[in-house]
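Enquirer: Let me give you the structure first, and then I'll get to my questions.
The values are calculated or read from the model by the stated rules, or taken from the named source; none is laboratory data. The structure presented is a predicted model; accordingly, all values stated were derived computationally and were not measured. Quick reminder, even Gly has a Cβ in these numbers, built from the backbone with ideal geometry, and neighbours come from all protein chains shown. What goes into the accessible areas is simple: the full protein's heavy atoms, side chains included, and nothing from ligands, DNA or RNA. Shrake-Rupley method; radii C 1.70, N 1.55, O 1.52, S 1.80 Å.
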Amino acid sequence: MTITWLIEWVNDSWLGFLGLPGAFILAVIIAGLAIFGLVAVHAIVAVYVERKVAAFMQDRIGPMGQGPGLHAGKWGLLQTVADALKLLVKEDIIPAAADRKLFVLAPFILFLGAFIAFVALPFSESLVLADFNVGLFYILAVSSFGVIGLILAGWASNNKWSLYGAMRSAAQIISYEIPAAISLIAVILLVGSLNMQAITSAQSGTVWGILPNWFVFQNPFTFMAFFIYFIAGIAETNRTPFDIPEAESELVAGFHTEYSGMRWAFFFLSEYANMFIVCGVAVVVFLGGWQSPIPGLMTGRIWGLFWFMGKVVFLVLIMMWIRWTFPRLRVDQLMNVSWKVLLPLAFFNLFGAGIWSLWLD
Amino acid sequence: MYREYGTVLAFILLGAILLMVALWLQKLLAPSHPSKLKQSTYECGEEPEGSAWVQFNIRFYVIALIFLIFDVEVVFLFPWAVVFKDLGLLALVEMGIFLVILFVGLAYVWRKGDLDWVKLRVKFARGRYHRIAENNAKHKV
């Protein structure tokens, strides 16, 4: 566990006079800043990549940084950095009609819900900040926390677009949470543990001698569970084709219509952090976590981190691909997909996985 | 064990502090000239008409209720899944009965049309969508 390791490291250094509480606080600050750096860098890079991917898919060239004033680097590489700086020096506007306290509180709840979920993600064999015995449950519980922030933002803005966006968004997120959780349970059946490292370790070795022994390949039911989870995950992060909450053509900007500057930036940051978490959970549960795709090849601490991040980035790119390929669903279609297709499918899948695991033993 | 949850608590505090620092930086760097027009609620450039805090469509409430039932069930499923391998067939059968009962509920809700976004299949109080449809049929619009 990384926090314990960091505490020992602090205690052994010249900072040893801090004692255990001081070392703990210092360790958490180091780890927290690292995670925040990861979230921020991921958002900045992912926004740039997303714009480029979108541009290439639509036969454009995307941001190139040819404007007057701040030059955004070659190929527009610094475009999103410039955007972030712009957000920092933007005026913070709180509408006079808004509920001021809730308006201020909402970004905190949404961001914290995404931020603290990173604590339980196993980045490599030894790199996990808090190795809970209920890790997967913790991540699911904490990341659904964000809905409250979302509803608060929509309600507090006192804006019709915001309220509509927030209500639709909440309805969508809670609807897709159930198929997502049930598809994950199909894997927990086979592992018998909620610990993220235990789930990862259950996927070492190979199936049929060729494919890595990941849960996507292990049996047909976990294969299907992966797709159910991934579709529900895209819906939970409010991305196209499930981006009805922020459908620009209908709802202006959904629940964050009234937000500007840094508060808006944190909404955006938590959206990209949520993407990372959804992909991270999919990687740990279905794609073998930090394990190498070819068993025995390039293993170890650093390679573990590399494989984990590589798989997450791969899934994030697939999310972008999906976003720029499919049109947006209608609200009623969205609810139909969740309640009438994914939910029964996830249930039958769960039963299949149960029978499969009994039959094999 | 406690150290893990302590880490989470410390992360909550740290995340809140980071956000506050960002907002404080913005306060230092960004201009602030509030005006009445700037602080008015956005409504496509028009004067905002009334408050947004109105009574909302009941369909969201129905979805919240269905969600609540299924979410509680998911909470039951988690511990069941963890010990599933030790209990074997008995656990599968028992959970099967539990889920079938719930599924009857889902089928009922489905049949009643509560899963549809626009509920047309209603017995009493047929709703305005139906009235619109009937009017349209009557006047051949």
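Enquirer: Output the residue which, of all residues in the stretch B:31-63 that are at the interface with chain A (Cβ under 7 Å from one of its Cβ atoms) and closer than 19 Å to A:GLN172 by Cα, is surrounded by the most Cβ atoms within 10 Å (Cβ to Cβ).
Expert: B:ILE63
Enquirer: Restrict the check to the stretch A:274-289 and report whether at least one residue is touching an Asp or Glu at 6+ places or on another chain (Cβ under 9 Å), assigned to a helix (DSSP H, G or I) and among the hydrophobic types (A, V, I, L, M, F, W, C).
Expert: Within the stretch A:274-289, one or more residues are touching an Asp or Glu at 6+ places or on another chain (Cβ under 9 Å), assigned to a helix (DSSP H, G or I) and among the hydrophobic types (A, V, I, L, M, F, W, C).
Enquirer: Being aromatic (Phe, Trp, Tyr) and either closer than 25 Å to A:ASN195 by Cα or more than 8 Å from chain A (Cβ to nearest Cβ) (or both) is the filter here, so list the residues in the stretch B:64-85 that pass it.
Expert: Listed by number, the residues that qualify are B:PHE70, B:PHE76, B:PHE78, B:TRP80, B:PHE84.
Enquirer: Restricting to the stretch A:294-304, name every residue that is open to solvent by 40 Å² or more (accessible area, probe 1.4 Å) and part of a loop (DSSP other than H, G, I, E, B).
Expert: A:ILE294, A:PRO295, A:GLY296, A:LEU297, A:MET298, A:THR299, listed by residue number.
Enquirer: Moving on. Looking at (1) within 14 Å of chain B (Cβ to nearest Cβ); (2) surrounded by fewer than 18 Cβ atoms within 10 Å (Cβ to Cβ), find the lone condition where A:VAL28 falls short.
Expert: (2)
Enquirer: So which residues in the stretch A:202-239 are in a helix (DSSP H, G or I), surrounded by fewer than 19 Cβ atoms within 10 Å (Cβ to Cβ) and without any contact (Cβ under 8 Å) to a residue 12 or more places away in the chain, if there are any at all?
Expert: A:PHE223, A:PHE227
Enquirer: Can I ask one more? Assuming B:LEU25 fulfils every condition listed in (1) at pLDDT 85 or above; (2) more than 8 Å from chain A (Cβ to nearest Cβ); (3) open to solvent by 60 Å² or more (accessible area, probe 1.4 Å) apart from one, which condition is it?
Expert: (2)
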